[in-house]
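Everything below concerns the one structure shown next.
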Amino acid sequence: MDFGKPRIMGILNVTPDSFFDGEKYFSAGKSVEKALSRAQELIRAGADIIDIGGESSGPGSRDVPLAEELRRVIPVINAFRKSKNTRLRKVWV
């Protein structure tokens, strides 16, 4: 990726307690497809980088054990890598 020009980062929260969109895009029992769909929306809107958040940093949020954070983000990262959508595979995660 050429960092000689400004880049846009989209945020994809996969936390149940996100202050902005908690559980909206991915949580226990919800499909990774929802997270991928949201990522595709962010890419269409111009995102070059997708930040997949597995731990909320909002006011009053609690620390999450590493194993839990990984349980939240790894399925989404794997889905990006396996996607047939070439734009999704080319975006930085």
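Per-structure values
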| read-out | value |
| --- | --- |
| Phi-based couplings in Hz for the range 65-79 (Karplus 6.51, -1.76, 1.60; Gly and Pro marked x) | x, 3, 4, 6, 4, 5, 4, 7, 8, 4, x, 6, 4, 4, 5 |
| In order through the range 47-52: 3J(HN,Hα) via Karplus (6.51 cos²θ - 1.76 cosθ + 1.60), integer Hz, x for Gly, Pro | 5, 9, 10, 10, 9, 8 |
| Under 5 Å, built H, 5+ apart or other chain: amide partners of N13 | G53 |
| Per-pair calculated FRET efficiency, R0 = 35 Å: A67 and S37 via Cβ, rounded to 0.05 | 0.85 |
| K84 versus S57: modelled label distance in nm, points set 7 Å from Cα along the beta carbon direction | 3.6 |
| Highest average packing first - 3-13, 71-81, Cβ atoms within 10 Å | 71-81, 3-13 |
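None of the figures in this text is laboratory data; all of them are computed from the coordinates on show. What you see is a predicted model, and the numbers here were worked out from it, not measured in a lab. Don't worry about glycine lacking a Cβ; one is built from the backbone with ideal geometry, like all the others, and counts go over all protein chains shown.
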